[in-house]
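Novice: Encoded as structure tokens, here's the structure I'll be asking about.
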Amino acid sequence: MTAKCPRLVLIEDNPADVMLVREAIREKGLAVELTLYPDVPDAIAGLGNQANPLPDAILIDLNLPKGEGMTVIKAVRASERLRDVPLAILTSSQSPRDLDQAQRLKVARYIHKPFTLEEFLTQVGDAVSELLGSATHFGAAEET
């Protein structure tokens, strides 16, 4: 019997950051079903689609095309189906307003994008692991 692979939704438009998040997940030894949304409308439509499986965690950038990441976070928190899904922000923003808003919206982690590769892989890997809970699943990451 195979354990269910945890589902992580990544909302990020920068291909380099997507690649780094994948590498952080791989280095941490996590097997995750990764769903990627590159902008606000796609994220809101995808997360709001009842036919899509419920994610186990969401990792989101705040600086996205076609809107602001906080719009997606507010939609998630307003959704009865999604409101309890753990959520982390991965951003270059150090705005006190963003930090305050993240706390009010019960965001589990606020990660300022680290400058070094090693810090990025460690911080993002730890955050994803924490978001998905203490159970570690080994294997390859998949994308849907």
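A short reminder: the numbers here are calculations on the coordinates, not readings from a lab. These numbers come from a predicted model, not from an experiment. Glycine gets a Cβ as well: all are built from the backbone with ideal geometry, and neighbour counts include every protein chain shown.
Novice: Work out the FRET efficiency for E68 and E27 from their Cβ-Cβ distance, taking R0 = 30 Å, and round it to the nearest 0.05. Don't skip to the answer; put the middle values down first.
Specialist: On the way: r = 30 Å, r/R0 = 1.00.
With a Förster radius of 30 Å, E is 0.50.
Novice: Enumerate the aspartates and glutamates that K66 could reach by cross-link, defined here as Cα to Cα under 17 Å, with residues fewer than 8 away along the same chain left out.
Specialist: E12, D13, D39, D42
Novice: In nm, to one decimal, how far is the R104 label point from the L117 one, both placed 7 Å along Cα→Cβ?
Specialist: 4.0 nm
Novice: For the charge dipole of the chain, defined by +1 on Lys and Arg C-beta atoms and -1 on Asp and Glu C-beta atoms about the Cα centroid, which residue among L54, S129, S95 has the Cα displaced farthest towards the positive pole?
Specialist: L54
Novice: What net charge is computed for the residues neighbouring S92, neighbours being all others with C-beta under 11 Å from the C-beta of S92, Lys and Arg scored +1, Asp and Glu -1?
Specialist: Around S92, the surrounding residues sum to -2.
Novice: Taking a cut-off of 30 Å between Cα atoms, list the lysines near K28, but don't count ones fewer than 8 places away on the same chain.
Specialist: K4, K74, K106, K113
Novice: I60's amide H: which non-local residues (gap 5+, or another chain) put their own amide H closer than 5 Å, with H modeled 1.01 Å from N in plane and none for Pro or chain starts?
Specialist: It is I11, A88, I89, L90, by chain and number.
Novice: Using a 7 Å offset from the Cα along the Cα-to-Cβ direction at both S92 and A75, what is the distance between the two label points in nm, to one decimal?
Specialist: Output for this residue pair reads 2.4 nm.
Novice: Could you give the size of the charge dipole of the chain about its Cα centre, using +1 on the Cβ of each K and R and -1 on the Cβ of each D and E, expressed in debye and rounded to the nearest 20?
Specialist: 500 debye
Novice: Still on this structure: From the phi of every residue in region 21-32, what ³J(HN,Hα) in whole Hz does the Karplus formula 6.51 cos²θ - 1.76 cosθ + 1.60 yield, where θ is phi - 60° and glycine or proline is x?
Specialist: Once θ is set to phi - 60°, the couplings for region 21-32 become 5, 4, 5, 4, 5, 5, 4, 7, x, 9, 9, 9 Hz.
Novice: Now a separate question. Equivalent-ellipsoid semi-axes (√(5λ), Cα gyration tensor) for region 7-132, whole Å, largest first?
Specialist: Details: eigenvalues 82, 58, 37 Å².
Calculated on Cα positions only, the semi-axes equal 20, 17, 14 Å.
Novice: Here is a further query. For V32, enumerate residues with amide H under 5 Å from its amide H, sequence gap 5+ or separate chain, H modeled in the peptide plane.
Specialist: A141, E142
Novice: What does the charge count near L20 come to, summing +1 for each Lys or Arg and -1 for each Asp or Glu among other residues with Cβ under 13 Å from its Cβ?
Specialist: In short, -3.
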